[in-house]
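Derivation of every value follows stated rules applied to the coordinates shown; laboratory data play no part. Owing to the predicted nature of the structure, the values given are computational and were not obtained by experimental measurement. Cβ coordinates were reconstructed from backbone atoms using ideal geometry, including for glycine residues, and neighbour counts include every protein chain displayed.
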Amino acid sequence: MPIVDMKDMLQHAYDHGYAVGAFDLVSLDFLEGILAAAERARAPVILSLAESHFDYFDFDVIMPAVEAAAKRASVPVAIHLDHGASCDSAVHGIRLGCNGVMVDASHEDFGENVRITRSLVDMAHACGVPVEGELGYVPGVEGEDAERHPGELACTTPAEARAYVERTGVDFLAVSIGTVHGRMKGKPRLDYQRLKQINEALSVPLVIHGGTGLSDDQFRRLIGNGVAKINYYTAVAEVAGSAIRSRLRADRGSGYTGLLQDVREAVSSEVEHRMRQWGSAGRAAEVLSRCRSWLPVEHVIVYNVEGMDEMQVEMMMAEGRRVLGAIPGVREVISGRAVQEKARYRYSWLVRFCHPAVIDSYRVHPAHVAFADRLFRPVAGKRITIDFSVVETTFSVRHRHHSGAAN
Ligand code: 13P
């Protein structure tokens, strides 16, 4: 079960004065290590996939694994698209299973950032998916991930932050108050006064990008001033790299799996340490009981056709799969033909929505209206349409895994 609504998750953190870690994952070792840490610490966690890292893995291929691992977890999990490049990226991420999205328009001027983010919010909220906006600019200075964030630091101002949140409708705001992406030599100087003013002006969960390299005290003060989500990557990549180098020193003849064998544990212990430091450890049960589960809806239609031969039915189905499958919030479209020749209904659609909000937005979406009115309804007079929410069995046996997930 435990994929939960990310808005509920972060609101809980904001209300209770702790922060959830959003750890960018770049491999299955990262995925398993992050979740093992969350299980050990009994912490809610955000599995984050940054579009800037898509050179390292195939997003379409890794997402089924991310979703399967999240569903199998016994702690609350959300799946987030980090630094998406466009609204299309967010639509795609939602289709693959993300239940929180960010499209980074922070390098644009204020008006353009508002315009891009507003249209993202319209799309994502129609899918039930919360949105993180970023205002001000968090650059990369040094270290593994730095070059992916070129440019100068630009701080968020409280007045702009208020206008931005009002105009865009974002659910969480990433702010720039002195942190940087990647590892910085020396200690970043953070502007807590600015953060405090932003928090007082907004009262929405705040997000910090560039969590690597901050001290205990810095994290404590960030969280004390409204930060409920901390993005963290470079330090995890560094401990993973060190684990590989140590293996290589210990045994220069190691093959691929030998070299990687300590990566999962290295990731896990770094992540667990942060969960304990940021106060999310021990919160899993409380968060699970307070947050809505993230459950899909199955939109099912059974129908017969009049005035069409089999070939024409297949063409209509192919067109439906193409146009309906592109509507935001639709995860999958399956067209079927009855196995039994004498079945009362010969054909079916199974359209999987990511969230109940899509029932309404799908119905009125122009692509659906055009397909239904022009191609489908005129020939499918006899039909039954029902939306099913997915029923979860609470007594299912969960596989035990090296993560130590207790059921
Ligand atoms: P660090 O790599 O500095 O931890 O930042 C991660 C981040 O902000 C991803 O969005």
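The table below lists the values:
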item: Charge dipole (debye, nearest 20) of the stretch 197-307; +1 at Cβ of Lys and Arg, -1 at Cβ of Asp and Glu; result: 340 debye
item: Using θ = phi - 60° and Karplus 6.51 cos²θ - 1.76 cosθ + 1.60, couplings along the stretch 47-61 (whole Hz; Gly, Pro as x); result: 8, 10, 10, 8, 4, 5, 9, 5, 5, 8, 7, 8, 3, 5, 8
item: Order of 272, 152, 147 - criterion: other Cβ atoms within 10 Å of each residue's Cβ, fewest first; result: 152, 147, 272
item: Residue-averaged 222 nm ellipticity for the chain, from DSSP H runs of 4+ at -39500 (n - 2.57), nearest 500; result: -12500 deg cm²/dmol
item: Residue-span extension gain [residue 374 to residue 326] - 0.36 nm each, minus C-alpha spacing; result: 15.5 nm
item: In Hz, Karplus ³J(HN,Hα) per residue of the stretch 107-113 (6.51, -1.76, 1.60; θ = phi - 60°; x = Gly, Pro); result: 7, 7, 6, 3, x, 6, 4
item: Prolate/oblate/rounded call for the stretch 212-316, Cα gyration tensor, a/c under 1.5 rounded; result: oblate
item: Computed label-point distance, nm, for sites residue 153 and residue 339 using a 7 Å Cα→Cβ extension; result: 6.3 nm
item: Vicinal HN-Hα couplings computed from phi for the stretch 225-242 (Karplus, 6.51 cos²θ - 1.76 cosθ + 1.60; Hz; Gly/Pro x); result: 10, x, 7, 10, 9, 10, 8, 9, 9, 4, 4, 5, 5, 5, 5, 5, x, 5
item: Fewest-first sequence of 29, 104 by Cβ atoms within 10 Å of each Cβ; result: 29, 104
item: Least to most buried among 316, 311 (fewest other Cβ within 10 Å first); result: 311, 316
item: DSSP beta bridge pairing in the chain, given as percent antiparallel to the nearest 5; result: 45 percent
